[in-house]
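Structure record follows, encoded as structure tokens.
Bear in mind these aren't lab numbers, they're just calculated from the coordinates by the rules spelled out. Because the structure is a prediction, the values reported are computed rather than measured. When we count neighbours, we look across all protein chains shown, and the Cβ atoms used for this are built from the backbone with ideal geometry, even at glycine.
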Amino acid sequence: MLAIETHGLTRKYASRNGRADILALDGVSMSMEEGEVRGLLGPNGAGKTTLVKILSTVLLPSAGWARVLGHDVATETQAVRPLIGIVFGGDKGLYTRLTARQNLEYWAALYQVPAAQTRARVEQLLARTGLAERADHFVQTFSRGMKQRLHLARGLIGDARILYLDEPTLGMDPMAARDFRQIVRDLRREGRTILITTHDMAEAEALCDRVALIDHGKVLAVETPARLSEYVAKFERIDFDGGDLDLIERLEQQPGVSAVKKAAPGSGHRIELSSETAQQNVLSLLVARGVTSIRTSRPSLEEVYVHLIGDRGLTV
């Protein structure tokens, strides 16, 4: 059974003042296996949150359908909701005038966790997310990172099989983000399915089995981070230090060389290839001209993103 499956999923928002409707999702078809960590990567306004809201039974699709563990999100909402946990960012979903413990007890009641199990589950989640020592402090005194960990505990209070993480580390400091990502890795090892919406390159590459690039409501590609690099260049790039103007001109004239660009200040040049056979000739020329600092590489996920979507909303 697939964890998540959508077909032709479309969502329109009615606009005011007689303007055309806003198309937030445009025929999205995708699927996720159980136990997979999938990144939904795109700029602000791409349709990421709208997709998560539909999968969470908060919004109805305008067309198409979506299923969560075989249950239709529009017609079987009561079957879907106990299976999912939602982790928002910021203060949404938390009651800041209650303590961390009281927040989790409240959400346990909403998820109909048996009273005999609530205390043990709350204690377990507070310990797991590193909040045991602050369990009886008011949430309004928490840092951004602590609130995000409480969000994660809240998303797990119903023992969800599928987690939706909406920009989970936005605004966190690097140490807090690192700790949060480690918890996500632990959840994956337990076999939970996790869908992460983000526009953070490092987060997608660090956590996700596969990444879906989405823009203007359309899914542009679904691949592993490494495989997505082939959307920009099939063959390795060559970086080198040194060399004079004559060498640069010779390289630009080589068959299969699409460009020779100046890299960052003090870091030499980058040769972009358009032919698999060009690499050997280029390397031979560099060595013959006395260049000894040579590196080959493939495009990063960041470069794929910019190539397919542009630099709107990009976080590096």
note = With -39,500 (n - 2.57) per DSSP H segment of 4 or more residues and division by the full residue count of the chain, the 222 nm estimate, nearest 500 deg cm²/dmol, is -9500 deg cm²/dmol
query = Helix 115-128 sits at what angle to the longest principal axis of the chain, using alpha carbons and giving 0 to 90 degrees rounded to 10?
reply = 30 degrees
inquiry  = Could you compute the net charge surrounding Gly217? Neighbours are other residues with a C-beta less than 11 Å from the C-beta of Gly217; K and R count +1, D and E count -1.
reply    = +2
task = Go ahead and set up a Gaussian network model of the chain, Cα springs under 10 Å, then flag whichever of Pro255, Pro82, Pro168 fluctuates most.
result = Pro255
ask   = Under unit Cβ charges (Lys, Arg +1; Asp, Glu -1), what dipole magnitude, rounded to 20 debye, does the chain have relative to its Cα centre?
value = 980 debye
note = Exposure-ranked with fewest Cβ neighbours within 10 Å first, Asp136, Asp166 stand as Asp136, Asp166
message = Taking 0.36 nm per residue of sequence separation and subtracting the Cα-Cα distance, how much length would be gained by fully extending the chain between Asp173 and Asp21, in nm to one decimal?
response = 50.9 nm
task = Choose one answer from Thr198, Thr296, Thr118: the residue with the largest mean-square fluctuation in a GNM of the chain with alpha-carbon springs under 10 Å.
result = Thr296
query = Quick one: Val122, Val68, fewest Cβ neighbours within 10 Å first, how do they rank?
reply = Val122, Val68
remark   = Helix 278-288: inclination vs the chain longest Cα principal axis, degrees, rounded to 10, gives 60 degrees
Relative contact order computed over segment 233-298 (Cα-Cα under 8 Å; 6+ residues apart), in percent = 47 percent
remark   = Expressed in nanometres to one decimal, the distance between label points 7 Å along Cα→Cβ at Gln253 and Ala109 is 8.1 nm
request  = Describe numerically, in nm with one decimal, the distance between label points set 7 Å from Cα along Cα→Cβ at Lys262 and at Gln102.
outcome  = 6.1 nm
note = Label model pair Asp159, Glu302: point-to-point distance (7 angstrom along the Cα→beta-carbon line) in nm is 4.3 nm
note = Full extension between Ser31 and Asp241 adds, at 0.36 nm per residue less the Cα distance, a length in nm of 71.2 nm
message = Quick check on my link table: of Lys53/Lys218; Lys53/Lys147; Lys12/Lys147; Lys147/Lys218, which ones sit more than 27 Å apart, alpha carbon to alpha carbon?
response = Lys12/Lys147; Lys147/Lys218
inquiry  = Suppose R0 equals 41 Å. What FRET efficiency, 1/(1 + (r/R0)^6) with r the Cβ-Cβ distance, do Ala135 and Leu60 give to the nearest 0.05?
reply    = 0.60
